[in-house]
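Read the figures in this text as sums done on the coordinates, not as results from a lab. Every value quoted in this text rests on a predicted model; they were computed, and no experiment measured them. For neighbour counting, all protein chains shown are included, and Cβ atoms are generated from backbone atoms with ideal geometry for every residue, glycine included.
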Amino acid sequence: MSGPLAGLRVIEMPAIGPVPFCGMLLADLGADVLRIDRTGEVDLGLPVEPKYELLGRGKRSLALDLKDPKAIALVLDLFAKADVVIEGFRPGVMERLGLGPDVAQQRNPKLVYGRMTGWGQQGPLAPAAGHDINYIALTGALHAIGRAEGGPVPPLNLVGDFGGGSLYLAMGVLAALFERQTSGRGQVVDAAMVDGAASLMTLFYGLKGAGLWSDTRGGNMLDSGAPWYDSYECADGGFVAIGSIEGKFYAELIQKLGLDPKILPKQHDRRNWPSLRAAIAASFRTKTRDEWCRLMEGSDICFAPILSLEEAPRHPHMAARETFVAPDGVTQPAPAPRFSRTPGGIAHKPPVRGEGGAAALTEWGVTAEAQHAASGE
């Protein structure tokens, strides 16, 4: 393992989405992540070949029957040797398994115990099922995303699951590890996606309080309301994105579009934004996306072509930075962020269920007798 987290031992309990993504981030930065997989047939949402389960990259897998007391005993043994546990069950499930934080931290007082849920460990909705779209709906985030003429648009599952969930869990775990250097003690990190998604909306709640943001969707500067911060269709059906907020950037946009600023409405004249939008849209439709790229890309307009998942890795900037890599022929984003002395990396491809687990147990100092007992041998 290489990276700034090399030597950190992490147990990842069975989960989908946010917890595996958090585990991937830690593994990309050098942590030794051991994923506990269930034996038997398990529905984890989107079945794909193991090599495409990219959230599992860099991890090792240990397959266990968590209904078997011997398997639970092995997991507790691993907790005693780990620095971090991350889990994404509904509240109370880990306790019913005998693997809750109280039991775990009795075995290992230095353990950082990261808990990922949608609604949180407490509250009226805590026991209920949910997905990203539900969590961001409750925070105001989903209401704010979309055009004036349509309904709210789900932003993939980036805001609740990964932004408000995985990244906040990773930050919480690392903060607890930092604090542990002083106290010598671990603690529980309660990362709820509703909390994280709400936190991501802090700027907009501030703007609303100041009277600078409206709850009218598609009527604000950053939500497609402003004609100079939006996407536009080109002559070939491709799209481009512009974010010409600052006056000098906006002036360059108008100049490159071939429009006459003397006959256009002022940039911040909201009453005439529809006519300004129409003029900008008409101009963008006169050239193809690639023609606009040659004219605008790299300028201070704040311009970019809107690329598909197929196109993005081939863009010259992405290629120059090696933002995407293709180990084993599978194109995927490279680890981020980057470090000057201790770069992260993808240690190995995603494991099939149970792959690498035995070696991990040996390296972590689990006795052969305990391994055999948990495997039923």
(request) Would you calculate a helix-derived [θ] at 222 nm for the chain, using -39,500 (n - 2.57) for each DSSP H run of n ≥ 4 and dividing by the full residue count, to the nearest 500? (result) -10000 deg cm²/dmol
(request) Find which of Phe239, Gly365, Ile346 sits farthest along the positive direction of the dipole of the chain, computed with +1 on the beta-carbon of Lys and Arg, -1 on that of Asp and Glu, about the Cα centre. (result) Phe239
(request) Counting only chymotrypsin sites (Phe, Trp or Tyr not before Pro) that are in a DSSP loop and have at most 16 other C-beta atoms within 10 Å, tell me the longest site-free stretch of the chain. (result) 1-338
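Can you give me the relative contact order of the chain as a percent, contacts being Cα pairs under 8 Å and 6 or more apart?
On the way: 654 pairs, mean separation 83.3, N = 377.
Normalised by residue count, the contact order of the chain is 22 percent.
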(request) List every residue whose amide H lies under 5 Å from the amide H of Val325, counting only residues 5 or more places away in sequence or on a different chain, with H placed 1.01 Å from N in the peptide plane. (result) Gln332, Ala334
(request) Along Cα→Cβ, 7 Å out, is where each label goes; now give me the distance between the ones at Ala282 and Gln255 in nm to one decimal. (result) 2.3 nm
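Among bridges DSSP assigns within the chain, what percent are antiparallel (round to 5)? Please list the in-between numbers first.
Details: 10 of 32 bridges.
Percentage antiparallel, nearest 5: 30.
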(request) Rounded to the nearest Å, what's the spacing between the alpha carbon centres of the range 280-337 and the range 74-94? Just the number, please. (result) 41 Å
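Can you list the trypsin sites (Lys or Arg not before Pro) in the range 267-370 that are in a DSSP coil and have 14 or fewer other beta carbons within 10 angstrom?
Values: sites: Arg270, Arg271, Arg277, Arg285, Lys287, Arg289, Arg294, Arg314, Arg321, Arg338, Arg341, Arg353; in loops: Arg285, Lys287, Arg338, Arg341, Arg353.
Taking the range 267-370 and a limit of 14 other Cβ atoms within 10 Å, the loop trypsin sites (Lys or Arg not before Pro) found are Arg285, Arg338, Arg341.
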(request) Just list whichever of Lys262/Lys287; Lys208/Lys287; Lys70/Lys349; Lys208/Lys256 have alpha carbons separated by over 27 Å in the model shown. (result) Lys208/Lys287; Lys70/Lys349; Lys208/Lys256
(request) Amide H neighbours of Val189 under 5 Å, at least 5 residues apart or on other chains, H built in the peptide plane: list them. (result) Tyr113, Gly114, Arg115
(message) Starting from 0.36 nm per residue, how many nanometres of slack lie between Lys67 and Thr342 once their C-alpha separation is accounted for?
(response) 95.0 nm
(request) Would you tally the net charge around Pro261, using a Cβ to Cβ cut-off of less than 14 Å, leaving Pro261 out, and scoring K and R as +1, D and E as -1? (result) +1
(message) Please list 3J(HN,Hα) in residue order for the range 184-196, calculated via the Karplus relation 6.51 cos²θ - 1.76 cosθ + 1.60 where θ = phi - 60°; whole Hz, with x for glycine and proline.
(response) x, 10, x, 7, 8, 10, 9, 9, 9, 5, 5, 5, x
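So how strong a dipole does the chain carry about its Cα centre when Lys and Arg Cβ are +1 and Asp and Glu Cβ are -1, to the nearest 20 debye?
Working: 37 positive and 42 negative charges, 157 e Å.
Approximately 760 debye in magnitude.
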(request) Could you run the Karplus curve 6.51 cos²θ - 1.76 cosθ + 1.60 with θ = phi - 60° over the range 330-341 and give me ³J(HN,Hα) per residue in whole Hz, x for Gly and Pro? (result) 9, 5, 7, x, 6, x, 9, x, 9, 10, 6, 10
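Extension gain Ala6-Leu156, at 0.36 nm per residue separation less the Cα-Cα distance, in nm?
Details: separation 150, 0.36 × 150 = 54.00 nm, distance 3.17 nm.
In short, 50.8 nm is gained.
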(message) Using the Karplus curve 6.51 cos²θ - 1.76 cosθ + 1.60 with θ = phi - 60°, what ³J(HN,Hα) values do you get for each residue of the range 356-365, in whole Hz, with x for Gly and Pro?
(response) x, x, 4, 5, 4, 4, 5, 5, 7, x
(request) Would you mind checking which residues have amide H under 5 Å from Arg38's amide H? H placed 1.01 Å from N; only 5 or more apart, or other chain. (result) Leu64
